[in-house]
Amino acid sequence: MGNWQLEKYDQPQALTKEVLKELRHGRTAGLSRRQLIRRSLGAGVGLWFLEVLGGTLGFLWPNLAGGFGSKVILGDLDTVAASPANTDATLRDGAPSYFPEARTFVQLIDPNRGFQPGESIDGDGEAVNVRAMYQRCPHLGCKPNFCLTNYWFECPCHGSRYDRIGTKILELGPAPRGLDRFSVSVDGSGVLTVDTAKLTLGPLPVALGQPGIIPARSPGSCI
Ligand code: FES
C-alpha cells in the first residue's frame, strides 16, 4: 500500500449528523446570548431600584436628621440669645439670633420680655413673643443682613428693607412682601422649637410712617 492512501492525522474530519446535533444542543463555553440578556436586564432593574432608594432617602433625609425641612429645637432664651446674627447685639437688644441649620433669623417681638409658652402656627409669634423668619428675601432669594445702624434687615442684592421683625418697608426695594415666617412653639420649660416644614408667607409691605412698621433707629444704613 502506498502513502497516498493514508489520511493525515490532523486533517479536518467531515461533520456528521451526530456531531452537528451535539454542537447545537451542547453547552457553550462562557455566557449564552440568553444568559447575557437576562443578566443585563437584572443589572438594569437593580440600578433603577438603587436610584429610587437613593432619591427617596435624599428626599426624606432632612426630616430624618432633624435639619432644615423638619422641626429644629433651638433651646431656651439664653441658648438662643447666644447665637446672635451680629456679634455686637443680642435678642435683648432687639437684634436677631441666627441659626443656619434652620435657615432662620429669630427675633423677640418685645425685647423686654422672654419667650412665652404656647405656639404660633402661622409664625406671627405674638402669642409666644418670638418670631422665626426665613432667611430668604421674598424678591429673588438673597439673604438679608441685619444692620445695627438702623436695626432693620437690608437685602444686599436689590436693597429691600424690612423692620426688625421682618415687615417690608413699601418704598424701599422691590420685594413684594415681608420676610416669610416659620411655625414656632415654646414648651413649659421655655424651649423654642421652629418647624421649618411649616412656612407662612410674609404680610404685604407697609408704607413708611404707617402703623405696623418699627421705625429705624437712625437714618443711616449698611448698604
Ligand atoms: Fe432681595 Fe432682590 S433679592 S431685594
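Quick one: which residues, 5+ away or cross-chain, put their amide H under 5 Å from the amide H of Ala89? H built at 1.01 Å from N.
Here the answer is none, since no amide H 5 or more places off falls under 5 Å of that of Ala89.
Calculate one ³J(HN,Hα) per residue across segment 167-176 by plugging θ = phi - 60° into the Karplus curve 6.51 cos²θ - 1.76 cosθ + 1.60, and present them in order as whole Hz with x for glycine and proline.
Ordered by residue, 3J(HN,Hα) equals 6, 6, 7, 3, 7, 10, x, x, 4, x Hz.
Please check the chain for the longest run free of GluC sites (Glu not before Pro) that are loop-located per DSSP (anything but H, G, I, E, B) and have at most 16 other Cβ atoms within 10 Å.
By the stated rule (loop sites, at most 16 other Cβ atoms within 10 Å), 8-100.
Hey, what's the Cα Rg ratio for the chain versus the globular rule of thumb, 2.2 N^0.38 Å?
2.05
Lys198: which aspartates and glutamates have alpha carbons under 19 Å from its alpha carbon, excluding same-chain residues fewer than 8 sequence positions away?
Those aspartates and glutamates meeting the cut-off are Glu101, Glu119, Asp122, Asp124, Glu126, Asp180, Asp187.
Which angle from 0 to 90°, rounded to the nearest 10, does the C-alpha axis of helix 33-65 make with the longest principal axis of the chain?
Tilt relative to the chain: about 10 degrees.
Any chance you could run the full-extension gain for Gln210 through Ala89? It's 0.36 nm times the residue separation minus the Cα-Cα distance, nm to one decimal.
Extra length from Gln210 to Ala89 when fully extended: 40.9 nm.
Taking 0.36 nm per intervening residue step and subtracting the Cα-Cα distance, what contour gain separates Thr79 from Leu31 on full extension?
10.7 nm
How much net charge surrounds Gly190 when only other residues with a Cβ under 10 Å from its Cβ are counted (Lys, Arg +1; Asp, Glu -1)?
Neighbourhood net charge equals -3.
Output wanted: per-residue J couplings in Hz (rounded whole) for segment 204-212, from phi through Karplus 6.51 cos²θ - 1.76 cosθ + 1.60, θ = phi - 60°, x for Gly and Pro.
5, x, 10, 6, 3, x, 8, x, x
Taking segment 87-122, which trypsin sites (Lys or Arg not before Pro) meet the DSSP loop condition and have no more than 14 other C-beta atoms within 10 Å?
Hits after loop and neighbour filter: Arg113.
Want the number for Leu20 to Phe49: 0.36 nm per residue separation, take away the alpha-carbon distance, what's left?
Length gained between Leu20 and Phe49: 6.1 nm.
Which FRET efficiency value, to the nearest 0.05, do you get for Arg39 and Lys198 by plugging their Cβ-Cβ distance into 1/(1 + (r/R0)^6) with R0 = 41 Å?
Once the sixth-power term is evaluated, E becomes 0.30.
Quick one, what does Rg over Rh come out to for segment 83-183 if you take C-alpha atoms and the Kirkwood Rh?
Result for segment 83-183 is an Rg/Rh of 0.94.
Where a number appears in this text, it was derived from the coordinates with a stated rule and is not lab data. From a predicted model like this one, the values you see are computed outputs, not experimental measurements. Please note: Cβ atoms are built from the backbone with ideal geometry, for glycine as well, and neighbour counts cover all protein chains shown.
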